[in-house]
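Below is one structure, written out as C-alpha cells, with a few remarks after it.
The values are calculated or read from the model by the stated rules, or taken from the named source; none is laboratory data. Given the structure is predicted, the values throughout are model-derived calculations rather than measurements. Cβ coordinates were reconstructed from backbone atoms using ideal geometry, including for glycine residues, and neighbour counts include every protein chain displayed. Quick note on the areas: whole protein, heavy atoms, side chains included, nothing else; ligands and nucleic acids left out. Shrake-Rupley method; radii C 1.70, N 1.55, O 1.52, S 1.80 Å.
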Amino acid sequence: MLQESGIGIAMTGCGSAVPAAWLDNTGMSQLVETSDEWIASRTGIRQRRLAAPTESLRTLATQAAQNALDMAGLVATELDLIILATSTADDLFGSASQIQADLGATKAAAFDLTAACSGFIFAMVTASQFIRTGTYQTILLVGADVLSRWVDWSDRRTCVLFGDGAGAMVMQAAESDRFLGFEIRSDGSRNECLTLAFQPQPRELVNDIRVGQGSFQPIQMNGQEVYRFAVKKVPEVIEKALFRSQLTVEQIDWLLLHQANQRILDAVAERLGIPAHKVISNMGKYGNTSAASIPLALDEVVRAGHVKPGDVIAAAGFGAGLTWGAAIFKWG
Ligand code: UT7
C-alpha cells in the first residue's frame, strides 16, 4: 500500500554496538543485596554491558551507525539526516553532530531527540515524516544510551535493570511502502514515575540575581507504576497502530518491544494473543538499554537470519515522560 504522497519508505539496514565489559547478576550481588534468582525471575535479565570511562555514547553510536550503513550499502555522504534518540548525550547541546562528524556525513543535518525508552519509535516516526513529505530520502536513526552514568549503584530497585548499548537503522524513500502505521503518545502528568532530573542549587551572581546551577540526580523509578502503565498502554498503542496499518494481530510476524522486563513482554503478548515464538527478547544479555533496546534487539534477529525481508514487525517503546508509541513496518 502506498501513502497519499506516493512516497514509500523502506528500512534498508540496521546495526548495533555494545561495550566490551559485562556484569552478571552474581557480580551485581556483590554490589547490592540481591540475587541472580530475584533478578532473573522478576525481570529476565542475567547480565548487562557497561561502558568503561574510556568509552562514550559517541563511540558506541558511531559504531552502530557504521554497521547499519554497511548493511544498507551506503556511504555516509549519502545521508540527508541523522536523528540520535538518547537521554544520555555526551554533550547536553547534542551528540548527533559528533556522530555526523565521526561518520563523515558531511551533507546530513543532525539532531538529538529525547523520549527516553520510547525514543527510537519517536525517531522512526519523525524520520518517516521527512521522507513522506519528500524533504529527505536517506535518514540514519540511532538509539543509544549509557544509563550506567546515571544509575544509583546503591539502589537495588533500579541498578540491576539497566545496561549500555547502541542500535541504528537506515530509513530510505522507496517505491513500495513498508512503514505501515504508527501511534505515539505522552502523559507528562505522570512524569514523576521515572526521572533523571536536574536539581538546581541556588547561586547568587550579583545582588538579587540568582541562578540555579547544579547536577542531575540519579534515576528514580516507581517500578510498579511503570509496570502497570506498560502492560495497559502498550497493547492499546499497538492495536491503534495496527488499525492505521489496516492489519490484524494475526498478520504480525514479530513483536519487538522495548526490552525492560520479560514479564512485560509476556503480558503484552498474552493480551494481544501473540504466541511466544514471535516475541523478540534479548534483555537476558543486555538488560534495559533504554533508547538502544529496540534497534539492538532488531539487529540481532536480522543478522541471525530470523527476521526476513517482508516480515511484519510490530515495534513498541514505553518509558519515562511518560511516553509510549508503536510503529508497524515490514523489514527490508
Ligand atoms: O525502561 C523504562 C520502563 N521501565 C520499566 O518498564 C520497569 C517496570 N517495572 C518493573 O519491571 C518492575 O516493577 C521491577 C523489575 C522494577 C520490580 O519488580 P516488582 O516485581 O515490581 O518488585 P517490587 O518493586 O514490588 O519489589 C518486591 C520486593 C520488595 O521487597 P518487599 O518490600 O516486598 O520486602 C523489594 O524491596 O523485592 C524487593 N527488591 C529486590 N530484592 C532483591 C526490589 N529490587 C530487588 C532486587 N533484589 N534487585
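Can you spot a residue in region 245-254 that is at negative phi, more than 22 Å from the chain's Cα centre (by Cα) and acidic (Asp, Glu)? Break it down into steps so the answer makes sense when it comes.
Here is the first cut: in region 245-254, the ones at negative phi are 245, 247-254.
Cutting the leftovers down to more than 22 Å from the chain's Cα centre (by Cα) gives us 247-251.
Filter again for acidic (Asp, Glu), leaving 250.
Among the residues of region 245-254, at least one is at negative phi, more than 22 Å from the chain's Cα centre (by Cα) and acidic (Asp, Glu), which makes the answer yes.
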| query | If you take the residues of region 157-190 that are within 13 Å of the ligand (Cβ to nearest atom) and either within 16 Å of Ala115 (Cα to Cα) or charged (D, E, K, R) (or both), which of them is most open to solvent (accessible area, probe 1.4 Å)? | reply | Arg157
| query | Hey, among Leu23, Leu74, which residue is among the hydrophobic types (A, V, I, L, M, F, W, C) and within 15 Å of Phe162 (Cβ to Cβ)? | reply | Leu23
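Kindly establish whether Ala144 is touching a residue at least 24 places away in the same chain (Cβ under 8 Å) and assigned to a strand (DSSP E or B).
Working: touching a residue at least 24 places away in the same chain (Cβ under 8 Å): yes; assigned to a strand (DSSP E or B): yes.
Yes; evaluated as a whole, the condition is true for this residue.
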| Here is a list of conditions, (1) more than 16 Å from the ligand (Cβ to nearest atom); (2) touching a helix residue (DSSP H, G or I) at 6+ places or on another chain (Cβ under 9 Å), and Lys240 meets all of them except one; can you say which number that is? | (2)
| request: Residues that are in contact (Cβ under 8 Å) with a residue 40 or more places away in the chain: find the strands (runs of 3 or more DSSP E) completely inside region 44-134 holding 3 or more of those. | output: 47-49, 81-85
| task | Considering only region 183-226, state which residues are under 30 Å from Gln246 (Cβ atoms) and not hydroxyl-bearing (Ser, Thr, Tyr). | result | Glu183, Ile184, Arg185, Asp187
| said: List pairs: first residue in region 215-243 and open to solvent by 60 Å² or more (accessible area, probe 1.4 Å), second residue among the hydroxyl-bearing types (Ser, Thr, Tyr) anywhere in the structure, Cβ distance under 7 angstrom, at least six positions apart or on different chains. | reply: Gln220/Thr195
| message | I'd like to verify a number: residues in region 303-322 that are open to solvent by 10 Å² or more (accessible area, probe 1.4 Å) and farther than 25 Å from Gln246 by Cβ, how many? | response | 6
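Among the candidates Leu57, Leu79, which residue alone is in contact with a helix residue (DSSP H, G or I) (Cβ under 8 Å, 6 or more places away or on another chain) and more than 15 Å from Val160 (Cα to Cα)? Before the answer, list the steps.
Working: Leu57 fails: in contact with a helix residue (DSSP H, G or I) (Cβ under 8 Å, 6 or more places away or on another chain).
Result of the check over Leu57, Leu79: Leu79.
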| query | Within region 197-208, is even one residue touching a Lys or Arg at 6+ places or on another chain (Cβ under 6 Å) and of a type in the set (Asp, Glu)? | reply | yes
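Yes or no: region 274-282 includes at least one residue that is of a type outside the set (Ser, Thr, Tyr), in a helix (DSSP H, G or I) and in contact with a strand residue (DSSP E or B) (Cβ under 7 Å, 6 or more places away or on another chain).
Residues of region 274-282 that are of a type outside the set (Ser, Thr, Tyr), as a first pass: 274-280, 282.
Now narrow it down to the ones that are in a helix (DSSP H, G or I): 276-278.
Still in the running and in contact with a strand residue (DSSP E or B) (Cβ under 7 Å, 6 or more places away or on another chain): 278.
Among the residues of region 274-282, at least one is of a type outside the set (Ser, Thr, Tyr), in a helix (DSSP H, G or I) and in contact with a strand residue (DSSP E or B) (Cβ under 7 Å, 6 or more places away or on another chain), which makes the answer yes.
Give Leu247, Leu161, Leu194 a once-over and let me know the one that is in contact with a helix residue (DSSP H, G or I) (Cβ under 7 Å, 6 or more places away or on another chain) and not assigned by TED's automatic domain parsing to the domain that holds Asp36. Walk me through it before giving the result.
Values: Leu247 fails: in contact with a helix residue (DSSP H, G or I) (Cβ under 7 Å, 6 or more places away or on another chain); Leu161 fails: not assigned by TED's automatic domain parsing to the domain that holds Asp36.
None of the others qualify; the one that does is Leu194.
Of all residues in region 37-79, which are within 10 Å of the ligand (Cβ to nearest atom) and open to solvent by 60 Å² or more (accessible area, probe 1.4 Å)?
Within region 37-79, the first condition is being within 10 Å of the ligand (Cβ to nearest atom), and the residues that meet it are 37-39, 41-45.
Result: Glu37, Trp38, Ser41, Arg42.
Taking the conditions exactly as written (surrounded by 24 or more Cβ atoms within 10 Å (Cβ to Cβ), under 23 Å from Phe162 (Cβ atoms) and small (Gly, Ala, Ser)), does Gly284 satisfy them or not? Reasoning before the result, please.
Values: surrounded by 24 or more Cβ atoms within 10 Å (Cβ to Cβ): no; under 23 Å from Phe162 (Cβ atoms): yes; small (Gly, Ala, Ser): yes.
In short, no.
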| request: Output the number of residues of region 252-270 satisfying the condition of being charged (D, E, K, R) and within 15 Å of the ligand (Cβ to nearest atom). | output: 2
| request: Please work out if Thr54 is under 19 Å from the mean Cα position of the chain (by Cα) and of a type in the set (Val, Ile, Thr). | output: no
| field | Unique match (being within 11 Å of the ligand (Cβ to nearest atom) and of a type in the set (Val, Ile, Thr)) among Val312, Val234, Val302, Val249 | value | Val234
| Residues located in region 4-36, provided they are open to solvent by less than 60 Å² (accessible area, probe 1.4 Å), part of a loop (DSSP other than H, G, I, E, B) and more than 14 Å from the ligand (Cβ to nearest atom) | Gly6, Ile7, Val18, Pro19, Ala21
| query | Of (1) free of Cβ contacts under 8 Å to residues at least 40 places away in the same chain; (2) hydrophobic (A, V, I, L, M, F, W, C); (3) touching a strand residue (DSSP E or B) at 6+ places or on another chain (Cβ under 9 Å); (4) over 21 Å from Ala85 (Cα atoms), Phe198 satisfies all except one. Which? | reply | (4)
